[in-house]
Amino acid sequence: MKAVVQRVKQAHVAVDGAIKGEIGPGLLIFLGISTGDSINEVQQLSRKIGHLRIFADDNRVINLDVKQVQGGILVISQFTLHALTKKGNRPSFIKAAPANQARPLYEEFIRALYMETGVEVAEGVFGADMSVSLINDGPVTIILDTEDY
């Protein structure tokens, strides 16, 4: 399971011009689920992100997590995080989980992240063609991969 976590001043996701999820300051998370992922990766990643200290404290030191700053969370499914580009110019997505496997893990990740933080989690529409808008804060962008733990 891979995640690109961005500290944002605000973010929203729209489908067919209608906003489906939005947050003010907080975390925008692009989540990619691979074929080998299970509930173990969901728990591992939600715990890591829930306690990721990437917000500044009163001394301007990056030392606080999303709950401590009362930030928002927006999660967007993104199978393209598993793109393989070693050969040729057209990415292969064979490591990305098929929708019937990925959707339940995506939904469980959102529940687990809420349980970990107590922060309501806004979301996109799984499998939809979405437009994501954000104002990156910092910029701070962290890439996490459960294969690295």
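Of note:
- The trypsin sites (Lys or Arg not before Pro) of the stretch 73-116 meeting both criteria, a DSSP state outside H, G, I, E and B (loop) and at most 14 other C-beta atoms within 10 angstrom of the site's C-beta, are LYS86, LYS87.
- For the stretch 53-123, applying the loop criterion from DSSP together with a ceiling of 11 other beta carbons within 10 Å to the GluC sites (Glu not before Pro) yields GLU120.
- In Å², nearest 10: area of PHE126 left accessible to a 1.4 Å probe: 40 Å²
- Distant-in-sequence amide H partners of ILE73 (H built 1.01 Å from N, under 5 Å): LEU27, ALA122
- Surface composition of the chain: carbon and sulfur make up 48 percent of the accessible area, probe 1.4 Å.
- Modelled this way, with points 7 Å down the Cα-to-C-beta line, the labels at SER92 and LEU64 are 4.6 nm from one another.
- Taken one residue at a time, the phi angles of the stretch 52-59 give Karplus couplings (6.51, -1.76, 1.60, θ = phi - 60°) of 5, 8, 10, 10, 6, 8, 5, 9 Hz. Gly and Pro are set to x.
- Heavy atoms of ASP137: accessible area, 1.4 Å probe, square angstrom to 10: 40 Å²
- Compactness index (Cα Rg / 2.2 N^0.38 Å), the stretch 29-96: 1.46
- Cα long-axis angle, helix 99-117 against the chain (0 to 90 degrees, to the nearest 10): 10 degrees
The values are calculated or read from the model by the stated rules, or taken from the named source; none is laboratory data. Just so it is clear, the structure is predicted and the values come from calculations on it, not from any experiment. Because the Cβ atoms are built from the backbone with ideal geometry, glycine has one as well, and the counts that use them run over all protein chains shown. These area figures cover heavy atoms from the full protein model, side chains too; ligands, DNA and RNA do not enter into them. Shrake-Rupley method; radii C 1.70, N 1.55, O 1.52, S 1.80 Å.
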